[in-house]
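Here's the structure, in structure tokens; my notes come after.
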Amino acid sequence: MTSNPRTRRRFVAGLAGVPAAWAASRWLGPAAGATDYSSTPIVPADQGLQRLIEGNKRFVSGNLTALQNRTADRAAVAGGQSPFAVILSCSDSRVPPELVFDQTVGQLFVVRTAGQVIDEAARGSITYGVDVLKAPLLVVLGHSGCGAVEAAIAAVQGTPIPGYAYRFAEGIGPAVQQVVDKPGDLLENAIRANIERGVAQLRTAEPDLAAAVGKGALTVTGGFYDLASGEVSFLS
Ligand SMILES: [Zn+2]
């Protein structure tokens, strides 16, 4: 995608003089500049991952517990957020991260696009979750039967797809190219390659994220969600 320089100039000019933290907090909640980390200890990445694994086990067995205290949970985070993980997942209606990991409000900072493609807005949102909200764990969550990856496969194979679908299919195309000659199921191989590419991209593509990874303040991993079983398998 090519950004229009005139539009971009106007947008940047509109933010001139506004402190970055304020500009972000205006849109994402009052906590951005005021989160009290001393009273809301950050969950280390390994413990956060364990929470996700345990939550997914509850989801698979149908014993969800995270939403039992909704009113109290909502009140507890009304003044600030300190999510323990950022989840980048597909927009697919069957893969809602809070349910899949059995988490309540304030626990996951979720960014969703078709095929979990990392465009500029997604990258900015993810970086906000890590840089400002201090989430130490970032998970790229793909899933079986992903229609966005199917669209990318069709495009790579020369089958026409709707014009809007190219906007996400072109982000997935390199993952498809990577596995197109490999044995096995092309769709599943491409879905897994797309998750792995997303993880690699996020570790290095954004300077703030790369710096956090370098300092040991951020763990980036990927997960594959199986639509039929509800199970998430994390990349080792
Ligand atoms: Zn999908």
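The values are calculated or read from the model by the stated rules, or taken from the named source; none is laboratory data. Source: prediction; values computed, not measured. Counting neighbours? That spans all protein chains shown, and the Cβs are built from the backbone with ideal geometry, glycine included.
Among the residues of region 148-163, are any away from the ligand (no atom under 16 Å from the Cβ) and either part of a strand (DSSP E or B) or hydroxyl-bearing (Ser, Thr, Tyr) (or both)? Yes, because at least one residue in region 148-163 is away from the ligand (no atom under 16 Å from the Cβ) and either part of a strand (DSSP E or B) or hydroxyl-bearing (Ser, Thr, Tyr) (or both).
Within region 71-92, not a single residue is surrounded by fewer than 18 Cβ atoms within 10 Å (Cβ to Cβ), assigned to a loop (DSSP other than H, G, I, E, B), out of contact with any helix residue (DSSP H, G or I) (no Cβ under 8 Å at 6 or more places or on another chain) and of a type in the set (S, T, N, Q). May I ask you to verify whether Gly55 is more than 16 Å from the ligand (Cβ to nearest atom), surrounded by 20 or more Cβ atoms within 10 Å (Cβ to Cβ), within 28 Å of Gly216 (Cβ to Cβ) and in the same structural domain as Ala190 (by TED's automatic domain parsing)? Criteria met by Gly55.
Among the residues of region 148-160, those that are surrounded by 15 or more Cβ atoms within 10 Å (Cβ to Cβ) and over 15 Å from Phe224 (Cβ atoms) comprise Glu150, Ala151, Ala152, Ile153, Ala154, Ala155, Val156. Return yes when Tyr128 is hydroxyl-bearing (Ser, Thr, Tyr) and within 13 Å of the chain's Cα centre (by Cα) and no when it is not. It is true that Tyr128 is hydroxyl-bearing (Ser, Thr, Tyr) and within 13 Å of the chain's Cα centre (by Cα).
Taken together, the residues in region 93-124 that are within 17 Å of Phe234 (Cα to Cα), in a loop (DSSP other than H, G, I, E, B) and among the aliphatic types (A, V, I, L, M) amount to 1. With the structure loaded, tell me whether Gly129 is under 15 Å from Gln81 (Cα atoms) and in contact with a Phe, Trp or Tyr (Cβ under 6 Å, 6 or more places away or on another chain) or whether it fails that test. Yes, satisfied.
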